[in-house]
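What follows is calculated from the coordinates using simple rules that are stated; it is not laboratory data. Please read all numbers here as calculations on a predicted model, not as lab measurements. A quick note on method: Cβ atoms are made from the backbone with ideal geometry, for glycine too, and the neighbour counts reach across all protein chains shown.
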Amino acid sequence: MDIQLEAVKLSKNLLKTIFLETLRGKSPNRILRDYTCAQEELSGKILDLGSGSDSPSYKKYLRCKEPFSIVYSDYYEEGTNLVKIDLEKPFAIENDS
């Protein structure tokens, strides 16, 4: 996803988010990415590449519309709802999904 800084409107809500997330140790780049993600609505089958867990910190910013399902993936981490995917090899998921 390309983030167009010109498209991000500076609002009280965004300033509050930047302040709070900076205190939590997030970089400005990550804060703006999360905020921009919150502006989009996702639906269908979603593959989250490199999430690191099945409960990433940015999960609260995702806006999903039914029907949807999210498969979280990472190469180094393991979990009950986490698929191990090596980005240098074919994905071990169903075709056309």
Q: Looking at segment 11-84, send over the antiparallel percent of its DSSP beta bridges, to the nearest 5.
A: 10 percent
Q. For the pair E40 and S11, what calculated FRET efficiency results from E = 1/(1 + (r/R0)^6), where r is the Cβ-Cβ distance and R0 = 22 Å, to the nearest 0.05?
A. 0.80
(Q) Between [x] 13.3; [y] 16.9; [z] 15.1, which entry matches Kirkwood radius over Cα pairs in Å as derived from the coordinates of this structure? (A) [z]
Q: With runs of 4+ DSSP H residues as the only contributors, calculate the mean residue ellipticity of the chain at 222 nm using -39,500 (n - 2.57) per run, divided by the residue total and rounded to the nearest 500.
A: -7000 deg cm²/dmol
Q) So what are the ³J(HN,Hα) numbers for segment 10-27, from phi and the Karplus equation (6.51, -1.76, 1.60; θ = phi - 60°), rounded to whole Hz, Gly and Pro as x? A) 6, 10, 4, 4, 5, 4, 5, 4, 4, 4, 5, 5, 5, 5, 7, x, 7, 7
Q | Linear extension gain, R30 paired with A92, 0.36 nm per residue minus alpha-carbon span | A | 19.5 nm
Q.
If I take every Cα pair under 8 Å that is 6 or more residues apart in the chain, average their sequence separation and divide by the length, what percent do I get for the relative contact order?
A. 21 percent
(Q) Given Cβ point charges of +1 (Lys, Arg) and -1 (Asp, Glu) and nothing else, what value in debye, to the nearest 20, does the dipole of the chain about its Cα centre take? (A) 680 debye
Q) What's the lysine pair count for segment 11-84 at a Cα cut-off below 22 Å, pairs eight or more apart or interchain? A) 13
Q: Scan around C64 for amide H atoms under 5 Å from its own, H built in the peptide plane at 1.01 Å from N, and keep only partners 5 or more places away or cross-chain.
A: L42
